[in-house]
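The values are calculated or read from the model by the stated rules, or taken from the named source; none is laboratory data. Keep in mind that this is a model prediction, so the values were computed, not measured. Glycine gets a Cβ as well: all are built from the backbone with ideal geometry, and neighbour counts include every protein chain shown.
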């Protein structure tokens, strides 16, 4: 009788220990330092390990919780998640209200599930103006607010949108107390974003308190606060900083309201948050989950009940990492950002158009942004999976580290008086500047690659004007001495440099010397390097004769000349080429022991893999007289 031999994978392939795995990696590194090569430091101050195991999370107190259980890092309501998924909340800012209504009705039939209105503000002039109930009713005509909740971020000077909504609901026979969504203030975030307030702080707080009491009585399911973390992300804040700032802001609001006699279980459900979603995929997943941990811990400290320990998180794709060159790459960026938000468990999600920076509000771009979410929900089926990140050693560990660092930051801010006082003192500006400068430097040195900008730049890509604006000057009761938090992007300086250089059409001739094998790698590198700055590159098939190369270079009408070959060949090439061609000589490479000699022989600029792109290209442009 035949017997089947069962495969025993554990017996045949024993699980290696962590030490065995590490030794195997060390052997493969061929002498390189393990800690330097295999550990990655992030802008959040977290060092990422090359591998994570059960040992990394076995002592974490939250990993045993199921979706829907405290501390809710795996989501607030698993049943609702499976039946409804997240809210598709694309932002709309069309000024013509009838046209806006048509756009919303059209989008609602194609997947939109939350009415996200972007109001016109001093620093956002392309928004909607609503000054009376009739105008809001025009926007909402034919829209079921129970199926598609209303979401509006308010500034303190905005009209009473909630009052308009209440009147609209009375006219339409809608029970206001049943409505969800959010019509929310964030005076702290607004102060940081604009740099001033139009009313004294005590008057501002009284207006907020009155709004909270009104909301608690009339629409307790509709938050009165939308704490906006994207304000800090847009200035270059790290994930730790964004979480810490948002948490500190929430504590300030809760402390003020409970001190005035309101109950924590009344106040907490009236607060929602908006978090940015950047390109660091796993970090962004962990960020959403970490904030839920932080929120639950904070509310428990106030003796809040289980429902109060849940928080609505609205995710929005980031702006600091977007580009105006090679716009379609933004589509790839927002896709991974939306993906991370969904995996992290946002309750509603807003994906920016890939062309949002250049203000090309096209139907195509809007449809793509909406459909990015629909593909994740309907084709990838992520709306049918509860916390797919749960149990992942890496993400659970990262969630814990982010939460711990953000909590520590919150405590640091608390000892200095909270967010408002730290904004006034310039502390927030200083902290964000450290993170932003590190991220910008990583772009300039190509540690962080941005396709189409600092790597693989398309020479034919035209300059596009951005729609970025500053806050208009208005009368202010209180001003930040350091001004509003800057709105910038990690590639902004490189893009501005390219926009200044490209119109001059300055040409650089590549002196490709020797065989193809000798010059090609550096010639390709040089072409890509100069394209980042908008220089026109003239290449060649290579020269074996110096005089022939010089003749071709002079005939090219180029303003600068870049020698491309091997370090060995440079010893005999640099001196005669510099002597015959004169100024504006560039060398592809950085032979350390010869740099000073080559400078004396006439090399003005060295380009190499460790060079700072911005500094090098800016210096070159200045030497050529085209960076004006």
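Does residue 128 fit the bill of being within 27 Å of the chain's Cα centre (by Cα) and at pLDDT 95 or above? Lay out the reasoning, then the answer.
Values: within 27 Å of the chain's Cα centre (by Cα): yes; at pLDDT 95 or above: yes.
For residue 128, the condition - within 27 Å of the chain's Cα centre (by Cα) and at pLDDT 95 or above - is met.
Rundown of residues vs (1) in contact with a strand residue (DSSP E or B) (Cβ under 9 Å, 6 or more places away or on another chain); (2) free of Cβ contacts under 8 Å to residues at least 60 places away in the same chain; (3) outside any loop (DSSP other than H, G, I, E, B), yes/no style:
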site: 126; (1), (2), (3): no, no, no
site: 131; (1), (2), (3): no, yes, no
site: 143; (1), (2), (3): yes, yes, no
site: 147; (1), (2), (3): no, yes, no
site: 156; (1), (2), (3): yes, yes, no
site: 163; (1), (2), (3): no, yes, yes
site: 166; (1), (2), (3): no, yes, yes
site: 170; (1), (2), (3): no, yes, yes
site: 183; (1), (2), (3): yes, yes, yes
Given (1) assigned to a loop (DSSP other than H, G, I, E, B); (2) farther than 20 Å from residue 222 by Cα; (3) touching a helix residue (DSSP H, G or I) at 6+ places or on another chain (Cβ under 8 Å), number of the condition residue 138 does not satisfy: (1)
Residues within the stretch 95-118 that are touching a residue at least 60 places away in the same chain (Cβ under 8 Å) and either crowded, with 19+ Cβ neighbours inside 10 Å or more than 15 Å from residue 369 (Cα to Cα) (or both), tallied: 5
Among residues of the stretch 566-620, those that are assigned to a helix (DSSP H, G or I) and either under 30 Å from residue 491 (Cβ atoms) or not assigned by TED's automatic domain parsing to the domain that holds residue 502 (or both), counted: 10
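Does residue 404 satisfy the condition of being in a helix (DSSP H, G or I), out of contact with any helix residue (DSSP H, G or I) (no Cβ under 6 Å at 6 or more places or on another chain), free of Cβ contacts under 8 Å to residues at least 40 places away in the same chain and over 24 Å from residue 294 (Cβ atoms)? Give the derivation first.
Details: in a helix (DSSP H, G or I): yes; out of contact with any helix residue (DSSP H, G or I) (no Cβ under 6 Å at 6 or more places or on another chain): yes; free of Cβ contacts under 8 Å to residues at least 40 places away in the same chain: yes; over 24 Å from residue 294 (Cβ atoms): no.
No: the conditions fail for residue 404.
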Test result for residue 189, on the phi > 0 side of the Ramachandran plot, crowded, with 18+ Cβ neighbours inside 10 Å and touching a strand residue (DSSP E or B) at 6+ places or on another chain (Cβ under 8 Å): no
Total residues in the stretch 77-91, condition modelled with pLDDT under 95 and buried (at least 17 other Cβ atoms within 10 Å of the Cβ): 2
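Which members of the stretch 47-85 meet the condition of being touching a strand residue (DSSP E or B) at 6+ places or on another chain (Cβ under 9 Å) and either closer than 27 Å to residue 313 by Cα or in a helix (DSSP H, G or I) (or both)? Quick ask: steps written out before the conclusion?
Step one: list which residues in the stretch 47-85 are touching a strand residue (DSSP E or B) at 6+ places or on another chain (Cβ under 9 Å), which gives 47-50, 76.
Result: 47, 48, 76.
Quick check on this structure: which one of 229, 252, 244, 236 is surrounded by fewer than 24 Cβ atoms within 10 Å (Cβ to Cβ), in the same structural domain as residue 162 (by TED's automatic domain parsing) and at pLDDT 95 or above? Before you say what the answer is, go through the steps one by one.
Values: 229 fails: surrounded by fewer than 24 Cβ atoms within 10 Å (Cβ to Cβ); 244 fails: surrounded by fewer than 24 Cβ atoms within 10 Å (Cβ to Cβ); 236 fails: surrounded by fewer than 24 Cβ atoms within 10 Å (Cβ to Cβ).
After applying the criteria, what remains is 252.
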Among (1) outside the structural domain of residue 292 (by TED's automatic domain parsing); (2) touching a residue at least 12 places away in the same chain (Cβ under 8 Å); (3) in a loop (DSSP other than H, G, I, E, B); (4) within 23 Å of the chain's Cα centre (by Cα), the one test that residue 447 misses: (2)
